[in-house]
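Working notes, beginning with the structure itself.
The values are calculated or read from the model by the stated rules, or taken from the named source; none is laboratory data. The structure presented is a predicted model; accordingly, all values stated were derived computationally and were not measured. A quick note on method: Cβ atoms are made from the backbone with ideal geometry, for glycine too, and the neighbour counts reach across all protein chains shown. Heads up: the accessible areas ignore ligands, DNA and RNA and are worked out on the full protein's heavy atoms, side chains in. Shrake-Rupley method; radii C 1.70, N 1.55, O 1.52, S 1.80 Å.
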Amino acid sequence: MQLTSARSRWAWIVAGGTSVAVLTATVLLGPAMRQGTATSHWDAPATTVDKQIDATDLYAFTSPERQDTVTIVANYIPFQAPHKPYQFDTSARYEVHIDNTGTGKAAITYRWTFADKGLPVPSFIRKREHQAGPLDSLVEQSYTLTRLRDGKWETLVRDGYVAPTDMGGPAGPGYPSLRRKAVRDLPGGGKVFTGTAADPFYSDNHAVSMLRFGLPFFPVKSGVPMNVSALALQIPKSELALRGDAAANPVIGVWTTASRKSSSLLGSGSGDYKQVSRLGNPNFNEVIIPLKQRDRFNTLRPEGDESGNLVVPSTLDPDQARVVARQAKVDAPPAPRKDLEEIYLTGLSTRGDGPIGRDLNSHLLNRDAPRVVKAEELRLNMSTPVATAPDKYGLLKGDLQGYPNGRRLIDDVVTINLRMLLGEPAGKGAPGLIAEDNPAFLLKPVSGSFPYLALPVTAAG
């Protein structure tokens, strides 16, 4: 499993903005400014100015070396420059949710909260150019991890260690020991990692430009190293499955949210905390949801997707499909897009009314699931065998363990989503639009054991 993290980034930073003028400037500035790619990095206007609560990517897959467990990785705080400190927000709750019933409701929630450990740094030496939100101290952080299950909260970790940025210099050679220190065992046989890591996202820049903008940028054959702040879990399948039976009920839905104790952003929630970020399927918010509604989507919960007036209609008739099809000079399938509804909102099953005709990752495959609703979640069938020869295009190349059946670190989700937007696998689509042998801008090795993420990128790469 020696694939690597890869991407070049700058245009995607601009892509987070809401101004057409800014986007036009990005196009005119040429290749040097068009090097940015990402999936859900800055997917809505409000998160462009508040990186600490921006979820960049979500992954869920059967752990290759511990196949009775599932690994879930939620990455936050995009575009972290090497050798600069970034911190989780101590006034926020970061959560990973598990739906094992198909109702869109979280049956299990894992929650991280953070605290600073150290003395604040005077304002005249604070590092603010990366716009990571209030970064008032260059200090270590600790976290508390709790789990909500069956209506009860349980503390799994107290005073957990957060792996900091690799600042290089004399401390650099000892950094791998900090990574090991940040991996903790959990009650019941699980593991957790919390801290800075190299951003594992990669994709072909042509695919990113087409999917996000419908513009024919050419691939840039160099990358800009970036880091993220990761929340990673490795959990026994029996803990995640409905009624603890992963054989009878193998399908789960996963999403991650951040909620703020106080915020000027739009938000929904209880008490003082308002949900201001949400991520399930990669690219969903910035490609399927209209721009003016993306902040609103970040406040919604999957359980309300079917009855609301945003998620389902946007999926059945996405404007971006027509934009991309015109640029690609192909015909996108006409609305209503029941294939996209099946991919993003229900999972694939022959028991539903979708056109793909494959039993893969729908909650309908769970023996004990109640009525299944339409809800945007990253769905994983935990019973799918680990691929002996994984393909980065997942389902589109016959690799049933790959995206959209969960998401592995090796999956090229941008190209997959682009091709699905144009009609695959339900129809012909445009499989030749992106050259499958294009370089993937691989920068840092992904390890073969938890948490799989590479050590943070340093200034030297």
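Things worth noting here:
- Using a Förster distance of 25 Å, the FRET efficiency for D359-R322 (Cβ separation, nearest 0.05): 0.25
- Each peptide in 189-196, 414-421 was scored by the mean count of other Cβ atoms within 10 Å over its residues; highest first, the order is 414-421, 189-196.
- Sites A81 and R243, calculated FRET efficiency, Cβ-Cβ separation with R0 56 Å, nearest 0.05: 0.75
- Listed pairs K152/K191; K292/K444; K84/K392 exceeding 25 Å between Cα atoms: K292/K444; K84/K392
- Whether the stretch 305-461 is rounded, prolate or oblate, judged on the alpha carbon gyration tensor where a/c under 1.5 counts as rounded: oblate
- Sulfur and carbon atoms: percent of accessible area, the stretch 150-200 [1.4 Å]: 54
- Listed by chain and number, the lysines whose alpha-carbon sits under 18 Å from that of K428, ignoring those within fewer than 8 places in the same chain, are K329, K338, K397.
- Packing around the peptides 202-209, 59-66, taken as the average count of other Cβ atoms within 10 Å per residue, puts them in this order, highest first: 202-209, 59-66.
- Prolate/oblate/rounded label for the stretch 239-344 (Cα gyration tensor, a/c 1.5): oblate
- Taking the protein heavy atoms of the stretch 376-432 in the context of the full set of protein chains, the accessible area attributed to carbon and sulfur is 54 percent at 1.4 Å.
- Listed peptides 276-288, 323-335, 156-168 appear in the order 276-288, 156-168, 323-335 once ranked by packing, highest mean of other Cβ atoms within 10 Å at the front.
- Projecting label points 7 angstrom from Cα along Cα→Cβ for S177 and K292 puts them 5.8 nm apart.
- Three-way shape call for the stretch 370-455 based on the alpha-carbon gyration tensor, with the a/c threshold at 1.5: oblate
- Of D411, D245, D272, the order by accessible heavy-atom surface (1.4 Å probe, DNA, RNA and ligands excluded), from most exposed downward, is D272, D245, D411.
- Area accessible to solvent at K444, 1.4 Å probe radius, in Å²: 40
- Stokes-Einstein diffusion for the stretch 366-419 at 25 °C, viscosity 0.890 mPa s, with a Kirkwood radius from C-alpha pairs, works out to 202 µm²/s.
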